[in-house]
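The values are calculated or read from the model by the stated rules, or taken from the named source; none is laboratory data. Since this is a predicted model, take the numbers as computed values, not measurements. In this analysis, Cβ positions are derived from the backbone assuming ideal geometry, glycine residues included, and neighbour counts consider all displayed protein chains. These area figures cover heavy atoms from the full protein model, side chains too; ligands, DNA and RNA do not enter into them. Shrake-Rupley method; radii C 1.70, N 1.55, O 1.52, S 1.80 Å.
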Amino acid sequence: MKVPFRWLSEFVDTGLAVKELAHRLTMAGLEAEKITVIGDAWDNIYVGHVEAVDRHPDADRLVLATVDAGEHRLQVVTGAPNIAQDQMVALALAGARLIDGHAEGQVYRTLKPSSIRGVRSEGMVCSEKELGLSDEHEGIMVLDAEAPKGAPLAEWLGDTVIEFEITPNLVHNFSILGIAREAGALTDRPISTPQVYDLASAPSGPADLVTIEAPDLCARYVAVMIEGIDVNPSPAWMQRRLMAAGVRPINSIVDATNYVMLEYGQPLHAFDADRLEDGRIVVRRARPGEPLETLDHQVRQLDERMLVIADTQRTVGLAGVIGGLNSEIHDGTRRIILESANFDMKVTRRTARELKLRTDASARFERGLDPNLARDAAARATQLILELSPGAAVTAVADVYPQPLGPHPLSLPFAEIERLLGIHYEPEQVLDVLRRLGFSPEIDDEGDGETLRVLVPTWRSDVTLAADIVEEVARVIGYESLPERLPTGQTTPVKRDPVYALQRAVRSVLTGTGAWETVTYVAISDDDLHRLDPESRQSVGVQPVDLPALIRLRNPLQADRSILRPTLLPSLLAVAAENLKHERAVRLFETARLYLPSHAELPREVNALGIVLAGQREPLGRFSAADKSELDFFDLKGMIEALLSRLGANAVTFRRIDSTALHPGRAAALVTGNDQIGILGELRPDRAQAFGIETPRVSVAEIDLDALREIVNLVPVDISVPRFLPVEQDFAIVVAEETPAADVEAALRAGAGPLATMVTLFDIYRGPQIGENRKSLAYRVTFTAPDRALTDAELGKVRERIARSLRKIGGELRA
């Protein structure tokens, strides 16, 4: 929020320089992000009085203006159509730095004396654009008649703007008045409020002037009927303040409502009363599909969850967000209904997000405004409008406030302040601080110890707990007054998060295999799940979920991403598709949470690992031109085997499965005991193409890390060199076609015992030499003994044990 310092000074005289005030407010929790000085470049520019305007002797569109600026009296040549005698203007002398009014953007030029059509011009009368105040360049800027002739323009018109970061809990500071309250409390200075119109003295409107049909969404509605207004440009002082605060001037009525919004923090809106059917206001929910053309000339379709302002026939505004074009103020408007209301913060936020239409009004309503502010702001805006339209009059006032809100009490032991802050403050000092903040404090001596009691004003919705009162005391007195003291006692022993430790180990192994970690959104769309498996009524993944039971967001950040993901695979496939547009291969993984249905209020969150492989196995290898082989199921399986080995998850086995999303014969489950903790396989080509991936083979995997964590035994990496050379032997094992390779390897390891330090499957053979429905698996086994060199006799005995172990699964060693 931008706050012009001169405007703020009308509310409170802090006695502090701008930078000192900004620092004090920042230290009290209201961060001043930026300070901008308006007029810091206005050297050699003064307030001048136009004494005479004469025609140029050699140009029809130019005039000669004689301008007196005290010590400087110049004749300047200008083509400004609005210059006239007796005006007060901004006179720039030679050497002044001005913005070129005819150039795009802000291009600065140094003013030099020159001859224009034979007449020498010693200076320039300036437009708003040349001074950097706005983009207006059609004519010169005319100053107020009371502007002091000869004064430097920066002293008369310059200002300093402080830009504050208003966090969601500080809505009471989202105005000039709010900042003034804060500054007054910090400096112990009184607050001055501007003159307001006495609404109580105005005639009451008809009983049906305002009808609230949705009282749960509109806590209060104040309407003021004003007749006989004139719609003109607002005065220059108001326009300058609005522009300094970042608001574009429009006309006197709209500018008055925006001016009060900045002053009080309460958004207002003015309707053309003659364009309202029956001259009535109805606050109701929108009807499904109801259209409204808003002030930005966009036709928007509304739904029943939105709140609208209507007359008896149609919608005329979107409550808390923007007005409708059908009731817009225009040059011919003579009667208005001024709206100052309090709308529900949640419905305002949802409407603004749904329609992608965030305005200055919605930014305030969605933080939660004080309903008692509505009448004060309406009185102030009425006063301004009557001043800008001297012939206007208030003809009716309606204030519908079904459930008035009052201050709420809070109490706490006075000793709680010292307990939380570690410093003792005298009761008088605490009471003084809280009085400055408007909390009406008192100390009760009855009972055990002193009790501090306060009445929290309605504009302080952020103060709800006793600790909030303590915080108010500390920040106003100054956090720098708190003692610096080292903590005492015994520190809590460090306990590493086992989930994080597992994720870190997973990242280490997978990056070592050449994979890259990615981070995707937690929300996905229905289309993402449909593309992965359009035939199934369940989501694809390590823990399938019935599609009707998916966790859906009521207020998603993106309208097309409304499902909390039950699987990582759609997100990873979308990222892989984008990367394959400019890469020959992708190896991606992600460790993140899945969100699954539960019987509790919140979803069940499962830590999972997702992997996607696609593209050429060696895209930039030495032999890549000759070898165009694709990453496939076995590359993925090898990565997972390396991961399981590093984690010490020796109890996990691979089991063949069928899946409508995965290629037949290239799909497996990770199993421990009777529990499935993961799936892996090659995606069916049509499923991959649905994500825009044309690569022939796309391999995916998803593993339940929470289930895996129960069986892991992180194995320290052994980098020691064995004292005795290992021995490698090859075994060709013939088994039935349906015997899984995992069972064969398990039997091989069982027979080999602890001497087998590595087992690798390197070949599969099928043919007439071994018989029908049989296959031969070739393994290379590495034998190592830590304390001796292995002899042929020992290896022969091991071979016999392996043969006996293989016969238990129907296998035999080939000669």
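For segment 1-123, the mean projected area of the C-alpha convex hull, equal to one quarter of the hull surface, is 10.6 nm². Using Cβ point charges alone (K and R +1, D and E -1), the dipole size of the chain about the Cα centre works out to roughly 3840 debye.
Distances between placed amide hydrogens fall under 5 Å for Glu31 paired with Glu165, all partners being 5 or more residues away or on another chain.
Solvent-accessible surface of the chain, averaged per residue with a 1.4 angstrom probe and all protein chains in place: 50 square angstrom. Proximity of backbone amide H atoms, modeled 1.01 Å from N, is registered between Leu318 and Ile309, Gly323, Gly324 at under 5 Å, excluding neighbours fewer than 5 places apart on the same chain.
Kirkwood hydrodynamic radius, segment 438-489, all distinct C-alpha pairs: what's the number in Å?
13.3 Å
Bridges between two residues of the chain, per DSSP, are antiparallel at a rate of about 95%. Taking the 1.4 Å solvent-accessible surface of segment 63-157 as the whole, the part contributed by carbon and sulfur is 46%.
Only Cα sites of the chain enter the Debye sum here, all with the same form factor; the resulting log10 I(q)/I(0) across q = 0.07, 0.11 1/Å is -0.82, -1.24, listed in q order. Summary value for the chain: 8 percent relative contact order, contacts being C-alpha pairs under 8 angstrom separated by 6+ residues. Sorted from greatest to least, the principal axis extents spanned by the alpha carbons of segment 366-445 come out as 60, 28, 28 Å. Residues whose amide H lies under 5 Å from that of Gly265, counting only those 5 or more places away or on a different chain, are Ile176; hydrogens are built 1.01 Å from N in the peptide plane.
With the Kirkwood sum run over all distinct C-alpha pairs, segment 688-815 has a hydrodynamic radius of 17.5 Å.
Per-residue Karplus couplings for segment 52-62, computed as 6.51 cos²θ - 1.76 cosθ + 1.60 with θ equal to phi - 60°, are listed in order as 7, 10, 10, 6, 6, x, 9, 7, 6, 9, 10 Hz, Gly and Pro entered as x.
Applying the criteria of a DSSP loop state and at most 16 other Cβ atoms within 10 Å to the trypsin sites (Lys or Arg not before Pro) of segment 640-744 yields Arg723.
Projected onto its three principal axes, the C-alpha set of segment 124-239 covers 59, 43, 27 Å, listed from the longest axis down.
Straight-line cross-link reach from Lys19 at under 27 Å between alpha-carbon atoms covers these lysines, not counting any fewer than eight positions away in the same chain: Lys2, Lys34.
Overall dimensions of segment 468-532, expressed as equivalent-ellipsoid semi-axes from the Cα gyration tensor (√(5λ), whole Å, largest first), are 46, 25, 12. Computed on the Cα atoms alone, the convex hull of segment 287-408 gives a volume of 136 cubic angstrom per residue.
Applying the Karplus relation 6.51 cos²θ - 1.76 cosθ + 1.60 with θ = phi - 60° to segment 764-781 yields 3J(HN,Hα) values of 10, 10, 10, x, x, 5, 10, x, 6, 6, 9, 9, 10, 9, 9, 10, 10, 10 Hz, where x marks Gly and Pro. Panel note: the C-alpha atoms of segment 660-722, placed on their principal axes, show extents of 47, 33, 20 Å (largest first). Distance between the modelled labels on Ala736 and Thr757, one decimal in nanometres: 3.7 nm (7 Å Cα→Cβ projection).
Using θ = phi - 60° in the Karplus curve 6.51 cos²θ - 1.76 cosθ + 1.60, the 3J(HN,Hα) couplings for segment 317-324 round to x, 9, 4, x, 10, 7, x, x Hz; x is entered for Gly and Pro. Taking only alpha carbon atoms, segment 379-523 gives an Rg to Rh ratio of 1.26, where Rh is the Kirkwood radius.
Among residues other than Asn579 with Cβ under 15 Å from its Cβ, the summed charge is -2 (Lys and Arg +1, Asp and Glu -1). As a fraction of the 1.4 Å probe accessible area of segment 595-704, surface on carbon and sulfur atoms comes out at 49 percent.
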